[in-house]
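**Student:** Below you'll find the structure I mean.
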Amino acid sequence: MKKWCYITVLLCAMACQAVAQDADTRRRYDAFFLDAMCQRQKGNSDAAFDLLRHCIDIDSTRSEAYFYLAQYYAALKQKDTALRCSKKATELEPDNETYLETLANNYLSQRKYPEAIETLERLSQKNHMREDILGVLIQLYEQQNDYDNAIRTLARLETIEGKSERLSYAKSNLYSQKGDKKAAIAEMKTLADQYPNDNNYRCLYANALYINGQKKKAVAIYDNVLKEDPQNRNAQMALLAYYNDQKDTLNVNMMIERVLFNKNASTDDRVALMRQVIGENEQSGGDSTRVLQLFHRLLDMPEADSDMALFCASYMNMKKMPNDSIRLVLEKVLAMTPDHAGARLQLVSYAWQAEDRDRVIALCRDARQYNPDEMAFYYYQGIAYYQEGKLDESLNAFQNGIGVINSESDPAIVSDFYAVMGDIMHQKGMEQEAFAAYDSCLVWKDDNVGCLNNYAYYLSEKGIRLDDAERMSFRTIKAEPKNATFLDTYAWILFMQKRYDEARKYMDQTLENDSVPSAVVLEHAGDIYYHAGQKEQAVSYWQRALEQADADAKEGTKEEDRRHILTRKIKLKKYVKE
């Protein structure tokens, strides 16, 4: 008796100890899991990951740590481990819908479609109203060619949403894929019978007949629909497809025009048909007369939109029609959608080619209202002002354009922005600002040869940073070894560096490549030859420079000063520093 009591007491003690140990395990697990969630919230992924793994070491029967670890393993591209963790979480808590959905997504990401289907079906059984789950199941069953289950799932979705065109069409299509033509037709007939006064449903029923081989019966329905509703777009498009199949050119052309000028037709319909018309037209010789007639009639419709006008302009471009003709169409685009940057840029291009700078300026000025972030408009406006000698207006346009430059901007255009700004600033006597602009230009495109040449020359004029100037100028003649302007700059920088024999060599190349040298180039030649020891040749170049300066001279300009200096050089037969 005493022995029995002792055993009983011992068993009770062991049970109490086990309960205490379980409670201690839960407390430790909960503490580490809470810490893991805090680290996760703070964005400390490594710490959270380590804590979650420790949670599993403490208690491998709790699901939460597995669920979150699956996410971290997925981020680490360890898909198999992520899937194992997700499966484990679901096994430990099979009724958790979040776990089931996550597991299904893991299966889908690894293209394990049968497992994904089984998991989604379990999830759907737990929540019958999840339409999104049913939608995914339908796609998966169809992908697996399991048409019966796809149709069954569609029927489940139909009980939730009610009968609709979308679901009936999907079921009919599945029946067709399955090869059950009778059921495919019956599905759409049921829908059409449910809405007997809706011609669009009648057309859908006719489509099912057509697809499943009963073409004559389908065409009869289309014809009846059009008798009742001559503008019915669905019937017109269906008959057009039928006539195309039959290669009935006369009826195809007739139906194309009916669809094109149907007020119910969409732009997509019209564009698709015009593509067909253009394709057939090109195959038969490419006479654009009928195509352009159709385009012009479409653009005269109240329903005309900019997409069709742009399509027309593209076709006219393809046919190499005159710019003035295309311009009229593009102006219609802007009348419909003033913020259409592409059409406006094309118009700017045409105005530029025609050297109509006033038109360029006007188009770009309006663009600031409609396309304030489009850098190209500031560029073209600035260049147009610059060519008209309006330096202040040009500089203003470029400075405004700099405000819209971003990391996605075209480096070549941005570089030119700063290069022209530098030229303008130099002309306005803003030398330091000009040099800063050139520096910015070369940051965006370090091989901008126009900038390199001007920057180098202006530095040489000031007699500063001649080594930098020589390096920049040398890059330009390497890029364009026959460019007389670049060769003259390099020769002049060598002259400023007192490298006279080298300077003469490059000046000879300048004159070889310059059929009509300017007074400045000829004076440079004289100065270089003088210091190279060829004084008679120097005087000859100075005389030629004076003749050119006389031809170019305008009272009150810098050319007047140049003529005085040249006259002194010739008279004294020696170099005179300006």
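The values are calculated or read from the model by the stated rules, or taken from the named source; none is laboratory data. Being a predicted model, the structure only gives us computed values, none of them experimental. Note that each Cβ is placed from the backbone with ideal geometry, even for glycine, and that neighbours are counted across all protein chains shown. When the accessible area is computed, the model is the full protein with side chains, heavy atoms only, and any ligands, DNA or RNA have been set aside. Shrake-Rupley method; radii C 1.70, N 1.55, O 1.52, S 1.80 Å.
**Student:** Restricting to the range 219-232, what's the tally of residues that are surrounded by 14 or more Cβ atoms within 10 Å (Cβ to Cβ), in a helix (DSSP H, G or I) and either in contact (Cβ under 8 Å) with a residue 60 or more places away in the chain or out of contact with any Cys (no Cβ under 9 Å at 6 or more places or on another chain) (or both)?
**Tutor:** Number of matching residues: 3.
**Student:** Next question. Across the range 396-448, what is the total count of residues that are of a type in the set (S, T, Y), in a helix (DSSP H, G or I) and open to solvent by 50 Å² or more (accessible area, probe 1.4 Å)?
**Tutor:** Counting residues in the range 396-448 that are of a type in the set (S, T, Y), in a helix (DSSP H, G or I) and open to solvent by 50 Å² or more (accessible area, probe 1.4 Å) gives 0.
**Student:** Report, by residue number, each residue of the range 304-320 that is on the phi < 0 side of the Ramachandran plot and open to solvent by 50 Å² or more (accessible area, probe 1.4 Å).
**Tutor:** D307, S314, N317, M318, K319
**Student:** Follow-up question, since we're still on this one. Name the one entry in K478, K482 that is surrounded by fewer than 20 Cβ atoms within 10 Å (Cβ to Cβ) and either on the phi > 0 side of the Ramachandran plot or part of a loop (DSSP other than H, G, I, E, B) (or both).
**Tutor:** Exactly one of K478, K482 is surrounded by fewer than 20 Cβ atoms within 10 Å (Cβ to Cβ) and either on the phi > 0 side of the Ramachandran plot or part of a loop (DSSP other than H, G, I, E, B) (or both), namely K482.
**Student:** Does the range 259-272 hold any residues that are part of a helix (DSSP H, G or I) and touching a residue at least 24 places away in the same chain (Cβ under 8 Å), and which are they?
**Tutor:** V259, L260, T267, D269, R270, V271
**Student:** Six or more apart or on different chains, Cβ atoms under 6 Å: show the pairs whose first residue is in the range 327-353 and surrounded by 15 or more Cβ atoms within 10 Å (Cβ to Cβ) and whose second is of a type in the set (V, I, T) and assigned to a helix (DSSP H, G or I).
**Tutor:** H340/V333; A343/V333; V348/V360; A351/V360; W352/V360
**Student:** Being on the phi < 0 side of the Ramachandran plot, surrounded by fewer than 19 Cβ atoms within 10 Å (Cβ to Cβ) and free of Cβ contacts under 8 Å to residues at least 12 places away in the same chain is the requirement here; does D46 meet it? Before you say what the answer is, go through the steps one by one.
**Tutor:** Numbers: on the phi < 0 side of the Ramachandran plot: yes; surrounded by fewer than 19 Cβ atoms within 10 Å (Cβ to Cβ): yes; free of Cβ contacts under 8 Å to residues at least 12 places away in the same chain: yes.
For D46, the condition - on the phi < 0 side of the Ramachandran plot, surrounded by fewer than 19 Cβ atoms within 10 Å (Cβ to Cβ) and free of Cβ contacts under 8 Å to residues at least 12 places away in the same chain - is met.
**Student:** If you don't mind, another one. Could you list, in sequence order, the residues of the range 514-533 that are crowded, with 16+ Cβ neighbours inside 10 Å and more than 19 Å from I565 (Cα to Cα)?
**Tutor:** Once the filter is applied, which keeps residues that are crowded, with 16+ Cβ neighbours inside 10 Å and more than 19 Å from I565 (Cα to Cα), the range 514-533 yields D514, A532.
**Student:** Which condition number does D508 fail, the rest of (1) surrounded by fewer than 17 Cβ atoms within 10 Å (Cβ to Cβ); (2) touching a Leu at 6+ places or on another chain (Cβ under 8 Å) being met?
**Tutor:** Condition not satisfied by D508: (2).
**Student:** Next up: Could you list all residues from the range 180-189 that are assigned to a helix (DSSP H, G or I) and open to solvent by less than 70 Å² (accessible area, probe 1.4 Å)?
**Tutor:** A183, A184, I185, A186, E187, M188
**Student:** Hey, can you tell me all the residues within the range 152-179 that are more than 40 Å from the chain's Cα centre (by Cα) and crowded, with 18+ Cβ neighbours inside 10 Å?
**Tutor:** Within the range 152-179, just Y175 meets the criteria.
**Student:** Please verify whether M254 is free of Cβ contacts under 8 Å to residues at least 60 places away in the same chain and touching a helix residue (DSSP H, G or I) at 6+ places or on another chain (Cβ under 7 Å), treating the condition exactly as stated.
**Tutor:** Taking the combined requirement at face value, the residue does not satisfy it.
**Student:** Which residue, of A89, A104, A75, A70, is among the small types (G, A, S) and open to solvent by 60 Å² or more (accessible area, probe 1.4 Å)?
**Tutor:** A75
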